[in-house]
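Derivation of every value follows stated rules applied to the coordinates shown; laboratory data play no part. Just so it is clear, the structure is predicted and the values come from calculations on it, not from any experiment. Every residue, glycine among them, receives a Cβ derived from its backbone with ideal geometry; neighbour counts consider all protein chains shown.
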There are 2 protein chains.
Amino acid sequence: MKIPSKYIENAVDQISSLPGIGKRTALRLVLQLMSRSKEEIEDFSNAFILMKEHVKKCSTCGNVSDIEVCIICSNIARDNTLICVVEDVRDVLAIEATESYNGVYHVLGGIISPMDGIGPNDLNIPSLIDRAQQGSVKEIIFALSATMEGDTTNFFLYRKLRAFEISISTLSRGVSVGAELQYADEITLSRSLINRQPFEV
Amino acid sequence: MKIPSKYIENAVDQISSLPGIGKRTALRLVLQLMSRSKEEIEDFSNAFILMKEHVKKCSTCGNVSDIEVCIICSNIARDNTLICVVEDVRDVLAIEATESYNGVYHVLGGIISPMDGIGPNDLNIPSLIDRAQQGSVKEIIFALSATMEGDTTNFFLYRKLRAFEISISTLSRGVSVGAELQYADEITLSRSLINRQPFEV
């Protein structure tokens, strides 16, 4: 694809550097941008520069925030004896959307993945140990992906945290709500048999 | 989705203003951008501002170009008695990729679409008439989409151009190369029967 303008080519390269966007899609998006006014394009571009300039990590939980302590950690209505450990801000949003969790979070910023060269030292783990050491935390919930990397990270955290008097739990694994049994994979189904729960009316 | 930072929210809004990108995908892309360095984000943002500043329309064909007359129109090896009329720069790239066309182009910048409020006056049509009037053009090929809007535009252009001594053609319509006959739609198949061609060995 030989684009007749090096400026458009550069813009296409930048857009297609985003994960999951190919050159062809990038060109479509760039041409749509081209059709906008100068001011609109400036607003578009400045959004990313402003974001990088102003967004920080919450000093308590590591979640993205515009202020020193994020709106969740600084909310006195939330139970800060209960910490939910997640991979990134998208998981926080997913759990917040359930409207069934009133504790606080700890955002690791990734999971341990030797294949991708991500070790425990690259993650927001020391501050979790600090929070556990302070003594007010009663329970920590591991809410990481149900993958090998997630399990590895869970185990690593468990070994660091078991010394403290804190109960540690993970999300329950089982057949999804609304899923048909015949389509559940074997591991999920076998786990949900082992972890069967008392029937409640 | 309640994002805990108004700067990230703004960046997500900007990315999701692009066609075909929803809020969830936008957030994924924005978080990936957040993980880049300040310089990388500046390069990303500046690409669009520079593009808007420097890219112009070729004064001859209306294609995007960094210079007054685009590299195709100013290429003396190309046959400028043959003009291919297309909707936008992506069509130019698609035809160029075939490596089987040596004429020049005329980029309309859209097609007539009353539903979207696009009339003939919104398109790069007067300059096509000008080019036809100059007298050196021998053939004009209509290479617009095979849709109702494309056909409407073809017909409109035909009425404007038929006064000149220029042969007018359109791309052939028929069963795609490599396609199985049973999956071709009725209109395509019927057109390709009507326009059947002498068998060549």
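Structure summary
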read-out	value
Size-normalised alpha-carbon gyration radius of segment B:1-148, reference 2.2 N^0.38 Å	1.37
Three semi-axes of the equivalent ellipsoid, segment B:67-170, Cα gyration tensor, whole Å, largest first	21, 16, 13
Translational diffusion of segment B:36-86, µm² s⁻¹ [Kirkwood Rh, Cα pairs; Stokes-Einstein; 20 °C; 1.002 mPa s]	164 µm²/s
Label zone at residue B:177, where the point sits 7 Å out along the Cα-to-Cβ direction: segment B:44-84 residues whose backbone N lies under 17 Å	none
Diffusion constant of segment A:1-66 at 37 °C, which comes from Stokes-Einstein with the Kirkwood Cα-pair radius and 0.692 mPa s, µm²/s	237 µm²/s
Candidates A:169, A:190, A:16: whichever shows maximal mean-square fluctuation once chain A is modelled as a Gaussian network with Cα springs under 10 Å	A:16
Mean residue ellipticity (222 nm) of the protein assembly as shown, computed from DSSP H runs ≥ 4 via -39,500 (n - 2.57), nearest 500	-12500 deg cm²/dmol
Alpha-carbon centroid distance for the pair segment B:48-114 / segment A:111-181, whole angstrom	55 Å
nm² value of the averaged projected area, convex hull over the Cα atoms of the protein assembly as shown	29.7 nm²
